Amino acid sequence: MSQGKVALITGGGTGIGRAAALALQGDGWNVAITGRRKEELDKTAALAKAGGGRIVGITADVGKPEDVKRLFAETQKTFGGRLDFLFNNAGFGAPPVPMEELPFETWKSVVDVILHGSFLCAQEAIRIMKAQTPKGGRIVNNGSISAYTPRPNSVAYTSSKHAITG
């Protein structure tokens, strides 16, 4: 069983997720990072600081319920059953096109990851956090300035991030 605090970061292979994962890992946290691209997760893990906590990449699409269940089960198995922090950070934007030209499947893929992914991951995290001893943990849902100041031709991203802010 691994000791120490455990974090799970969605979208941990790049950008804000990578930076958050490396900061926590460097402070001694054990960190599970997830994303759809294994090569990016591997790049993040390779940047881990010596003397920090463990960092493990788990490939998953948080817009898919079965992937989310597997992600949380693997995180628990890897780090001894505990989860102290979930950072819902995964997301991407659709190509910048006028709303009437945005295919529904593209809209759905953005909403599935940002909105549905945050919901599904929070559900799993809450189940773990309620069942562990001591109980509790923290969940942070990463919003965006786009929720308040939308960019042109970004209806799927803006709508999803606005929902996260709510």
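The values are calculated or read from the model by the stated rules, or taken from the named source; none is laboratory data. Bear in mind the structure is a predicted one, so any value in this text is a computation, not a measurement. Cβ sites come from the backbone with ideal geometry, for glycine too, and all protein chains shown count toward neighbours. All accessible areas refer to the heavy atoms of the entire protein, side chains included, with ligands and DNA or RNA removed. Shrake-Rupley method; radii C 1.70, N 1.55, O 1.52, S 1.80 Å.
Of Trp107, Trp29, the residue with the largest accessible area leads and the full order is Trp107, Trp29 (1.4 Å probe).
In degrees between 0 and 90, to the nearest 10, how far off the longest principal axis of the chain does helix 117-131 point, with axes built from Cα atoms? So the helix axis and the longest Cα principal axis differ by about 30 degrees. Rolling a 1.4 Å probe over the heavy atoms of the protein chains gives the stretch 32-107 an accessible area of 54 Å² per residue. Once you reduce the stretch 95-112 and the stretch 11-48 to the center of their Cα atoms, the two points are 28 Å from each other.
Once you have a ≥ b ≥ c as the square roots of the Cα gyration tensor eigenvalues for the stretch 1-54, tell me rounded if a/c is under 1.5, and otherwise prolate or oblate according to whether a/b is larger than b/c. Walk me through the numbers on the way to the answer.
Values: a/c = 1.83, a/b = 1.59, b/c = 1.15.
Verdict is prolate for the stretch 1-54.
Which parts of the stretch 137-166 would a label at Ile126 reach, counting a residue when its backbone N lies under 12 Å from a point 7 Å out along Cα-to-Cβ? 139, by backbone N distance to the label point. Annotated for the stretch 1-138: lysine pairs at least 8 residues apart or interchain, Cα distance under 19 Å, count 11. Taken one residue at a time, the phi angles of the stretch 54-65 give Karplus couplings (6.51, -1.76, 1.60, θ = phi - 60°) of 7, 10, 10, x, 10, 5, 6, 10, 5, x, 10, x Hz. Gly and Pro are set to x.
Helix-only mean residue ellipticity at 222 nm, the chain, DSSP H runs n ≥ 4 weighted -39,500 (n - 2.57), per residue, nearest 500. What is it?
Values: 6 runs with 69 residues, N = 166.
For the chain, the value works out to -12500 deg cm²/dmol.
Taken one residue at a time, the phi angles of the stretch 24-32 give Karplus couplings (6.51, -1.76, 1.60, θ = phi - 60°) of 5, 4, x, 8, x, 6, 8, 10, 9 Hz. Gly and Pro are set to x. Annotation: amide H-H contacts under 5 Å for Gly28 (H modelled 1.01 Å from N, sequence separation of 5 or more, or interchain): Gly53. Is the shape of the stretch 105-166 best called rounded, prolate or oblate, per the rule: a/c under 1.5 gives rounded, else a/b larger than b/c gives prolate, else oblate, with a ≥ b ≥ c the square roots of the Cα gyration tensor eigenvalues? Verdict is oblate for the stretch 105-166. Under the shape rule built on the C-alpha gyration tensor, where the axes satisfy a ≥ b ≥ c, the stretch 12-88 is oblate, since a/c reaches at least 1.5 while a/b does not exceed b/c.
Our coupling estimate for the stretch 74-80, obtained by passing each phi through the Karplus curve with A = 6.51, B = -1.76, C = 1.60 and θ = phi - 60°, is 5, 4, 4, 5, 5, 10, x Hz, Gly and Pro reported as x.
Looking at the chain, the DSSP beta bridges with both ends there are about 0 percent antiparallel. Among the protein heavy atoms of the chain, carbon and sulfur supply 58% of the accessible surface, probe 1.4 Å, non-protein parts ignored. Residues whose amide H lies under 5 Å from that of Ala48, counting only those 5 or more places away or on a different chain, are absent; hydrogens are built 1.01 Å from N in the peptide plane.
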